[in-house]
Structure formats: structure tokens, C-alpha cells
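One structure is given below, encoded as C-alpha cells.
Every number here is computed from the coordinates shown, using simple stated rules; none is lab data. Everything quoted here is computed from the prediction, not taken from an experiment. Reconstructed Cβ throughout: ideal geometry from the backbone, glycine too, with neighbour counts over all protein chains shown.
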Amino acid sequence: MATPTLQIYSAIGYDAQSDTGLSAAAFGAQLAQAEASGERRVSVRINSGGGNWQEGQSMYDLLKASALKVDTYCVGLVASAATLPFMAGNKRLIAAHGKLMIHNCASQVAGGVVELQNGITQQQAINDSMAQLYASATGQTVEKCAKLMAATTYLDAPQAVALGFATGIMPDTQATQAPPADMPAASLHSYYAALLPDVQAAASDVATAKRWLEEAIALHEKHMAGTAPTTGKDGEKSQMEMMDQMKKALTALKGKSTTGGTAASKPMHMKALLLPIFAAAGMLTLTAATPDAEVATAVQAAFTERDKFKKDVETAEANAKQAQATADAATAELATATAKLKEVEEKATADAAAEATAKVTALVDGAVAAGKITASQKDNYTILATANLVSTAAVLDAIPARRSLTGELDKVEAGTMPLTAGGAMAEIQARLAGK
């Protein structure tokens, strides 16, 4: 199914007295039919000297609110209020002979000073609103747009593209020229039908290039709408994707005749399409007046620079990947070394604890064996020695060794002590006293 096409070939706003003009309501009804067609895009072709600002603003709002992708075309003169629906296009193309005209609004006010002042205030509010709308669509400042309006500025196709009011120039061929504004509606079908054979004859050999161009233009529109990244690594990747699509299109169209076929295969048409896209990518400063040879040289230089940049990015990413691998290996080695050091430290701590325990046990057991402390005192001295081995050893060294009564009695039995009771007791007491 063909893309629906809406036409604004009359004044903006319906005039009941003259029965002329297109109202926003009638335009909205046509747009609703296009939306119900199941297509994803709609083309709006405009050749109008303007009219009612309010009606034009309503048409702009209708197009902006539509779920369809909107492409607008200036196919003659798009002036005053007619620029409002034109600026609603995601893609805004102007015929090579086309003109845009923007100016401050005008109205008739009758009454006293208060009414005149109110009229001025209202007109200034409308002017401010239009300047903001133009600035939003073009990327120009509000102040610059206001100056252009105040000067009643006419823009030809190259100027419109350079200032951002249009995103490209239409091919200057019969297939894309608008029919006369006064052509009856009944004749429009036959007018366009007569152009189909030439279009169909060339369609097959440019279909692939056209698809690539549309993809590139879609990327460009994302940039214009602010939905694609423009800075950082993601922005660089998006710019490279745009350039890759452009390069494919140029390759597909290389060697096309500059005189035969449709405008889609002509270098001038390609230049008109590519210039605003390259400009949006910030890569070229060319205009439609630049000679083809200079355009070709600049485009080749841009591709060469882009390919070099892409290679540099790939090299940098590879180096970063290698550096990350090296860092990961170093981290793993550090973790292994840390684990081994911890194991050595734990073993050293355990060995030191075992050695200290052995010294405490030897000291306390020796004191018990020497009779310096009793077996019941062993646990207490073990605790003291564990807390301070040196001090506990000094205390135990100062305690004299004690002799047991059982040991002395054993000596009596061995005949080494007097056998009389009184003598034996005295001897035992004397020996226990260390005499």
C-alpha cells in the first residue's frame, strides 16, 4: 500500500464567504483516514501562502500528536501560517525552486487604547510562540528566529536547509514537482499516474540504496529529536552507524548516469540528501552550491577519517581488553599470595602457641615434682605461667623445695633414723625443718 499523502494547496483556515481554504478540522479528518490506513508514514505536501495562525497551529499539533511518521514537503511557496504544519515534519524537504517565508503575525484591532494595547500583547505572544516553535525545530536560537520573523524573511532551498528549517532538498525533476495549485482535484490522479512509468523503471536499481538512505535518515532524525546518544562511546558508535549507512548508499549508487533515470540516481540529488545528514553529524561544512568534485573529495576524506577513527576505537578497545585481562591475572596472583601468607602466619601462630604451652607445662610440672607446689596448686600456677611465664618462673624459683613426711618415714624403715619414738620424732621434725 502506498504511503498516504495529504495536501495543503490553499489558504490555512476555511473562509465561508469565499468557500476557500482548508480548516484544521478538515485536515484532521484527512489525517485520521491516513492513520486508519495501517501505514506507518504520511506525506504532507504544502503549497500555501498562509492564513489563520490558530488553524495552522492546530494542524501542527495534530501532526505532532499523530502516531504516524510525518514527512512534509514544500512544493512551491510555504509562507506565514503554512510554515506551522510544514515544521511538524520529522523529515522536511523543500523543492529546489521552493521558498519558505516567515514573518510576524498581523491582525486588525478596533477600539480604544485598551483594546489596541491588548491586541499588541496578543500579537507579541503569538510571535514569541512561533519563534520558539521555529527554534525548537531548527536548532537556531529563539532570538535569531525572532529577528528573521521581524524582517519578513524569504528562504530559498539551500538557505532553508542551512538554517534547519528544511532537512533536505527535493530532486528537481518532473516526478517531484507539484502540479499547479489551481489544478482540479479530479485531474490530480491522472497527473501523478503519468509519472509512474519512469519511477517504476528506475525503482529496482535504486531500491536497496533507497532503503539504506532511509535507515540513515532515520538515524539522523533520532539525532535531531535527541533520542540518539551524541557523546561518549555510544554517541561515537551511533555516528559510525550513520556513516556506514551513507557509505553503503554511495556504493550502491556509484556509476549511475547523471542524465538518465530518476533523480534518485543523480549525484545532485544524492548531494542534497547527504549534506544535511553529514552536517548533523558535524563532519562536513558543505553547501548545495559546492562543486560536485569538492563534495566527492570531502566525502571521501570523511569516510577515510571515519574508518581511521573506527580502527583506532577498535585498537583502543582491544588494548583495554588486554589490560583488563592482565589486571585480572594480577588480582588472581595477589589473592593466591595473600592466602599463602595467611596460611604461613596461622601455622607460625599455632607453633608459637604450642611451644609456649610446652614451656608452661614443663615449668609447672617441675615445680610439683620439686615439692615447691602441690598438685592441687598446679592449675592456678598453669594459669599464671600462661599469662606471664617469666614472672611465674621467678616466683617458683624463690619457693624452697619441700620434703614429704612419707619420704622421711621411708628413711626410718631403712634404718637411717633413731628407733626410739622420741628420737624418731625429733629427727623427723629436724629434717622437715631443713636442719
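Tabulated results
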{"read-out": "Check: segment 1-110 dipole with +1 on Lys, Arg Cβ and -1 on Asp, Glu Cβ, in debye", "value": "460"}
{"read-out": "Taking L84, L62 and counting other C-beta atoms within 10 Å, the order from fewest to most", "value": "L62, L84"}
{"read-out": "In Hz, Karplus ³J(HN,Hα) per residue of segment 41-55 (6.51, -1.76, 1.60; θ = phi - 60°; x = Gly, Pro)", "value": "10, 9, 9, 10, 9, 10, 9, 8, x, x, x, 7, 4, 4, 5"}
{"read-out": "Principal axis dimensions, largest first and in whole angstrom, of segment 1-67 by Cα", "value": "37, 20, 18"}
{"read-out": "Residues whose placed amide H lies under 5 Å from that of S48, excluding near-sequence neighbours", "value": "L77, V78, A79"}
{"read-out": "Sequence-distant residues sharing a close amide H with G164 (under 5 Å, placed H)", "value": "none"}
{"read-out": "Residue order, fewest to most beta carbons within 10 Å, for R40, R402", "value": "R40, R402"}
{"read-out": "Under-5 Å amide H pairs with R41, H placed in peptide plane, nonlocal only", "value": "K69"}
{"read-out": "Range of Cα positions in segment 28-73 per principal axis (Å), largest first", "value": "31, 18, 15"}
{"read-out": "Residues C105, C145 arranged by fewest to most Cβ contacts within 10 Å", "value": "C105, C145"}
{"read-out": "Label point distance in nm, N118-D397, each placed 7 Å from Cα along Cα→Cβ", "value": "11.6"}
{"read-out": "Projected area, mean over directions - segment 78-158, Cα convex hull, nm²", "value": "5.7"}
